[in-house]
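These notes concern the structure reproduced below.
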Amino acid sequence: MGSRQLRKLDRFIKVRADNAKHWLKVLAPLSDVFDFVSVTPNAVSSWFGFPMRVKSGAPFTQRELIQHLQSKGIEMRPLNAGNIAVQPAIKRHPHRVVGNLPNADAIMKNGFTFGNHQHVTPQARDYITATLEAFVAGKVKK
């Protein structure tokens, strides 16, 4: 089964990259409340998800946003990254931490992702976009 799926991998990655490119473009006006990822030059991302981060000082929290989007049928998750040094499982393994890791903490506290796979339709992309825009518009005081 895996070898058959590998034949489709390039197409899957292209669809996911197209989705990500779309979201980066249409969500750019929300950059006052969100940080978006970028791909390192000369690298390729599989874009298995579309990660974002609620900026410090935004008029809502990551948790509020996730709850709202999930209530609208959009599956969201906090990033499963961030400061691994505070994860309970890491305590069982020898490790050392250098510094306070404020960026890792910020990603863990404010980061989230929604799924991005090869079956996300343009209609689904637009629904996610419109739902994000409406939520932010309802929270941002102009």
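Every read-out reported here was derived from the displayed coordinates using simple, explicitly stated rules and does not represent laboratory data. Since the model is a prediction, treat every value here as computed from it, not as a measurement.
Here are a few things to note about the model shown:
- Part-to-part distance (alpha-carbon centres) for the range 93-139 and the range 33-91, which is given in Å: 2
- Between Lys21 and Lys8, the contour length at 0.36 nm per residue exceeds the alpha carbon distance by 2.7 nm.
- Computed 3J(HN,Hα) for the range 100-105, one whole-Hz value per residue from the Karplus formula 6.51 cos²θ - 1.76 cosθ + 1.60 where θ = phi - 60°, is 8, 6, x, 5, 5, 5, glycine and proline marked x.
- Whole-number D in µm²/s for the chain (Stokes-Einstein; Kirkwood sum over Cα pairs; 25 °C, 0.890 mPa s): 146
- Long-range HN-HN contacts of Leu79 with modeled amide H, under 5 Å: Gly111, Phe112, Thr113
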